[in-house]
Ligand code: ADP
């Protein structure tokens, strides 16, 4: 067997230390899968706010304290702490970067009071990127591949190809950059670029400049040895149209031979109704009455009356335009005419929050809402709902539709990005969900109505549930694709 690769996985969020979305789940489970396949992985991430260091077993590393990291004219001090992610797959070491000024607040990117990005996000992530490269020299461990994720790590490939290019430590180190969401582009003024310490001669169209601004996403896209994104369909979409490429379609087209779509997997040690410790009732596809008990618990949680004939449609999501909330907003009067109950767990855009508060007031008997972040409630919604609605405008991969399948909660999704790669219309006894194409409320309603019609046929519905639960999106296949890709870029000069 060939020797395992050393991989450094750089990410701005990873469970259980931080989470705003799917990236945190991926950053936890992919490294463990790589480790299980014989490749030593270390994760490096900011340590936000005040974590319970005892519970999470976070320890200081004496020799990795008071490290000086230049950020513009300042010298920022960084401490590295160590922890381990442990699961049935094995364990992976996590290095947490600590700096009170930049990461003292517990929310990763957005000021919870104002709902706006932190004004110093440029410095916060320039610091993080520079610290990663700087710290590597002190670890006594050389990665073969540095795996970067989203704009918050976009400068790392640029540092490797410029100011650290002659450093023997990085001589054979390759980088890959994974796009989890192209809408977040890390765009800042030229003054922010100056704080990065990158050479002025890359501030141009071929380099990190993007319409007279500095884009940290672009840095990752230009300087990494390979680019990946989290589904095959999205990899095609973003290199084809402006709608999906969001201004980067030209660059992505240019780098098409280095662009790969690798579907995210699911960590079934966390998202599996058979052993989900957060559920009141665990169940398999042969124990569906127990799923119904979870539905009762879910209805109780939201103060809704349980009725076996009334399907519960669930949503767990960031409240943002991306997730199709304007469609739902327009379709609510139509939806409420149907025999359904609707439960929503979400955080984000305050205007959507206000809107759904209004919906709850108007349709008290049919609607339940919970604003905020709750891992426990997310699991209960997956288990207790009958259907899961995900009408995204665009969706790089999407995890919840895959989680839903495992819980026998039938996805109703728009056929875009990873949703189109994982969900197929249930027809003639085949398929696992309901889809619509055009981004229009009426189209979404048609898909919902097809689901409701089938729901009233108990026998068929149970058949569909069992079929959905049998789908397997575990990480193994995708992790192997990453490993093949790491090896192929290592071969490049
Ligand atoms: P994205 O990363 O675009 O937000 P994904 O579907 O890839 O969407 O991943 C979302 C992840 O975040 C899932 O694990 C989902 O359960 C979780 N999530 C989203 N909103 C909440 C919330 N309010 N409370 C708990 N978990 C949430």
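What follows draws every value from the coordinates through simple rules; no lab data is involved. All values reported here derive from a predicted model rather than from experimental measurement. Counting neighbours? That spans all protein chains shown, and the Cβs are built from the backbone with ideal geometry, glycine included.
Compared with the dominant Cα axis of the chain, that is its longest principal axis, helix 475-491 is turned about 20°. Using alpha-carbon positions, what is the distance between the centroids of the stretch 216-275 and the stretch 4-67, in Å? Centre-to-centre (Cα) distance: 21 Å. Over the chain, the fraction of Cα-Cα pairs per 10 Å bin, rounded to whole percents and listed from the shortest bin up, is 4, 19, 29, 26, 15, 6, 1. Report the residues of the stretch 331-349 in range of a label on residue 307: point 7 Å along Cα→C-beta, backbone N strictly under 16 Å from it. Of the residues in the stretch 331-349, 335-343 have backbone N under 16 Å from the label point off residue 307.
If you take the square roots of the eigenvalues of the alpha-carbon gyration tensor of the stretch 168-250 and sort them as a ≥ b ≥ c, do you get rounded (a/c under 1.5), prolate (a/b over b/c) or oblate? Oblate, since a/c reaches 1.5 and b/c is not below a/b. For residue 86 and residue 449, the difference between the fully extended length at 0.36 nm per residue and the C-alpha to C-alpha distance is 126.4 nm.
Distance between the modelled labels on residue 68 and residue 3, one decimal in nanometres: 3.5 nm (7 Å Cα→Cβ projection).
One quarter of the surface of the convex hull around the alpha-carbon atoms of the stretch 226-282 equals 5.5 nm², the direction-averaged projected area. Computed from Cα positions, the angle between helix 288-301 and the longest principal axis of the chain comes to roughly 80 degrees. Rg/Rh for the stretch 402-493: what does it come to with C-alpha atoms and Rh from Kirkwood? Using only Cα positions, Rg/Rh for the stretch 402-493 is 1.14. If you average 1/r across every pair of different Cα atoms in the stretch 150-293 and take the reciprocal, what Kirkwood value do you get, in Å? Across the stretch 150-293, the inverse of the average 1/r is 17.4 Å. Grouping the Cα pair distances of the stretch 210-315 into 10 Å bins from zero gives a pair-distance distribution of 12, 27, 15, 17, 22, 6 percent in increasing distance order.
Using a cutoff of 8 angstrom between alpha carbon atoms and counting only pairs six or more residues apart, the relative contact order for the chain works out to 12 percent.
Angle between the Cα long axis of helix 350-362 and the longest principal axis of the chain, 0 to 90 degrees, nearest 10? Orientation of helix 350-362: about 10 degrees from the principal axis.
A Förster radius of 56 Å, combined with the Cβ-Cβ distance separating residue 337 from residue 167, puts the computed FRET efficiency at roughly 0.30. Shape index of the stretch 63-181: Rg/Rh, with Rg the Cα radius of gyration and Rh the Kirkwood radius from the inverse mean 1/r over Cα pairs, equals 0.97. Given labels modelled 7 Å from the Cα in the Cβ direction, how far is it in nm from residue 110 to residue 364? A separation of 3.0 nm, rounded to one decimal place. Annotation: the stretch 110-171 has a Kirkwood hydrodynamic radius of 13.0 angstrom, from the mean reciprocal C-alpha pair distance. Its residue count N sets the reference 2.2 N^0.38 Å, and the alpha-carbon radius of gyration of the stretch 1-98 equals 1.14 times that reference. Taking a ≥ b ≥ c as the square roots of the Cα gyration tensor eigenvalues, the stretch 258-416 comes out oblate, since a/c reaches at least 1.5 and a/b does not exceed b/c. Site pair residue 212 and residue 184 shows an inter-label distance of 2.7 nm when each label is modelled 7 Å from Cα along Cα→Cβ.
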